[in-house]
Structure formats: C-alpha cells, structure tokens
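What follows is a set of notes on a single structure, which appears directly below.
The values are calculated or read from the model by the stated rules, or taken from the named source; none is laboratory data. What you are looking at is a predicted structure, and each value in this text was computed from that prediction instead of being measured. Cβ coordinates were reconstructed from backbone atoms using ideal geometry, including for glycine residues, and neighbour counts include every protein chain displayed.
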Ligand code: GTP
Ligand code: MG
C-alpha cells in the first residue's frame, strides 16, 4: 500500500525507527534521541476493588492530622495512597520510609493482604474490563470490542482526520445502556484547543435516540488553558469520577500545550518529563477508577525516513509507550476516513473505513 505507515520498533532496547521516502523536520529526530534516556511507563496490573467505606484514617499509622495532610495534597482515598510512589508521597509525609510503610498499609487494605494472584485469578479479574462502542461497527471490530476501560487509547491523525469528532461521539456513546454499547456512564471532556461543540453532541445524541439536554448534562466539560492547568484538571478529575459516575475521560488534544510551551531542543527533556507525568496521571486514573481514557495526538513529519510514510505521531516514545492502544486515522478518497491500529501486540494489522456525517461518525 502506497501510503502505508511502516513502523518498526524494538521496545526492549528502546529504539524506534520509522521509515519513509522523505520529510523534513528536525524536531522528531531530536525527540527520538532525547527520549531514549526516559523511563518507560510499565503496564501494571492493578487490583481495583476497594472495600466500601474505607477512609484514610483506617490506615495503620495514619491519624487525623496525617489524613488531613494527605487529602490536602490530593490523596483523597486509600486507593490514591496505595498507588502512590514513596518518592512523591514523601513530600507530604516527610520521609520515604514513612511513605512506604503507609503505602504498604494501603495496599494491604485494598487487596486484603494479597500481593500475588494466580494467572487464573488475573484472567477472571480482567473480565471486569469493559468496552465502549465507538458507534462505528468497523472501528469496534478493529478495536476488538470498542474503547477499553483501564486503558489509554490514543487517536492519532492529521488535521481533519476525525479525532475531535470521535471524541464527541464517545462522550455520547458512553451514556448508552450496556446492551447498546455504552456503560451508562458520564464523560469528562478536557478540551485544550477550544474545539468542543455542544451542538455536535446534540446532533449525535438525537441520532442515537438520546435526549439531547440530558446528554449534554452528562458531559462534564473543562477547557484547559495551559499544560499545568491540564494536569490540574486531571488531578481534580479523580474526585469527579467516583462521585459523578464518569466512565470515560477524553483529552483533546494531549500535547498541544506541551509543545507550545516547551519549544526547541533545549526544552525537550523538560517537556517530555512533564508529559510523562501527565500520561502517568491518566494511566493511574484509568486503572484505579476503572475508566477509559482517550487522548488525541497530532502527527509530525519524520526527517529520517526513506520509504513509506514520513508522518509519525508526536510525543515520541513517552506517548508511544504510555498509551495502551494507538489508533491512527487518516483521510481517504471521497471524504472517507481510514483507521488502523499501530504497535499493538494484541490487534491484527488491518484497516477499517468510516465516514463523518451530520449524524456523527458512522460506518460507510
Ligand atoms: P485537528 O483537530 O485539526 O487535528 O483535526 P481532527 O482530527 O480533530 O478533525 P475533526 O474531528 O475536527 O474532523 C473535522 C472533519 O469532520 C471536517 O473536515 C468535516 O469533514 C467533519 N465534520 C465535522 N463536523 C461535521 C458536521 O457537522 N457534519 C458533517 N457532515 N461533517 C462534519
Ligand atoms: Mg481536533
């Protein structure tokens, strides 16, 4: 295929090579070389059931004052503490040693003293993973069920590819009952580019037989004005998620602010480090609160590409390894759109075609 993206990757050694005919920007080359030193986000198994009614005060070694401190620092629940790193918690508790003992206490409490499980138990536990239909059968088939909870799905594509439209549609689809592909849940929409359009939601809701007013009520919206603001919103989101029944978090787009605020080679390491933190925030929320996270990402032209497609997703290895599934959207002939999953150990290398109409994102 002429415009096929050829991405060869050796994750273990941390090297990445994208081959293509031409294309010239300096940035992606720099990104690659800089990011080899970054640590990759490890996919981790996280048990998710927390016995109801647990307070921070229930933790061994945590009294009222410490609990207060933890809450002020954003650790609202036993879960938050259980999945914190001792290094970050030490800034609240004074020492890493104390942080570690409290983290262990939290982990014991939520997994009821169980640190290991059999593969069979893990298999059973994975059955709680749920899927949100995209509203497009071809895309659901490609994704083997739809957008997965406890995972980050990245929508990659050039301008007009349909990333924002798909985000709008997912904010609607998640609200449907389970037998129609939804999770009876609400959506949290973080808009970094100011492209969210409630009118579009209204059209999509009508098409799906939902009450447009109620559908809008079920989308919690925030405009992120810079990268710090964006990270603050995600930090705050965890309170909303449990209280408001949010099942999907949409970030459109993931890295626009980061790229704008940290331009050039001299800022690249700082940018990637911060971006890594942001993605870890999202990964943690997805895992702890059983929600789906969807982020959008732009494409850049790679300079070191000799055949195939010179385009590659922005954000380098930090984003590539931080996101669980990567769906690449591109424009085809006659207004059609083509989707392909890249870098997946689980999905087949195939493509799906869809279209964007007044009713939303649809099958052809
Ligand atoms: P960038 O954010 O610019 O990178 O692009 P994107 O991938 O987010 O593109 P987006 O999802 O905004 O898709 C834009 C395309 O959707 C337009 O080019 C239109 O083809 C289509 N579109 C958007 N709104 C409507 C609509 O109300 N009716 C129809 N028929 N098509 C629409
Ligand atoms: Mg967009």
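Details
- Scoring residue 356 on the criteria (1) at pLDDT 95 or above; (2) touching a strand residue (DSSP E or B) at 6+ places or on another chain (Cβ under 7 Å); (3) away from ligand 2 (no atom under 16 Å from the Cβ) leaves a single failure, condition (3).
- Residues of region 315-340 that are under 15 Å from the mean Cα position of the chain (by Cα) and under 30 Å from residue 198 (Cα atoms): 315, 319, 322, 323, 324, 325, 326, 327, 328.
For (1) at pLDDT below 95; (2) surrounded by 23 or more Cβ atoms within 10 Å (Cβ to Cβ); (3) under 15 Å from residue 218 (Cβ atoms); (4) within 16 Å of ligand 2 (Cβ to nearest atom), each residue gets a yes or a no:
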| site | (1), (2), (3), (4) |
| --- | --- |
| 163 | no, yes, no, yes |
| 174 | no, yes, yes, no |
| 177 | no, no, yes, no |
| 183 | no, yes, yes, no |
| 194 | no, no, no, yes |
| 198 | no, no, yes, yes |
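To keep it simple, each residue is scored yes or no on (1) within 16 Å of ligand 2 (Cβ to nearest atom); (2) buried (at least 23 other Cβ atoms within 10 Å of the Cβ); (3) in the same structural domain as residue 247 (by TED's automatic domain parsing); (4) not in a loop (DSSP other than H, G, I, E, B).
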site: 270; (1), (2), (3), (4): no, no, yes, yes
site: 274; (1), (2), (3), (4): no, no, yes, yes
site: 277; (1), (2), (3), (4): no, no, yes, yes
site: 282; (1), (2), (3), (4): no, yes, yes, yes
site: 288; (1), (2), (3), (4): no, no, yes, yes
site: 295; (1), (2), (3), (4): yes, yes, yes, yes
site: 304; (1), (2), (3), (4): no, no, yes, no
site: 308; (1), (2), (3), (4): no, no, yes, no
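- Here residue 146 clears all of (1) at pLDDT below 95; (2) touching a strand residue (DSSP E or B) at 6+ places or on another chain (Cβ under 8 Å) except the condition numbered (1).
- Within the option set 284, 346, being more than 13 Å from the chain's Cα centre (by Cα) and farther than 21 Å from residue 172 by Cβ holds for one residue only, 346.
- Within region 74-172, helices (runs of 4 or more DSSP H) holding 1 or more residues that are out of contact with any helix residue (DSSP H, G or I) (no Cβ under 7 Å at 6 or more places or on another chain) and within 16 Å of ligand 1 (Cβ to nearest atom): 137-142
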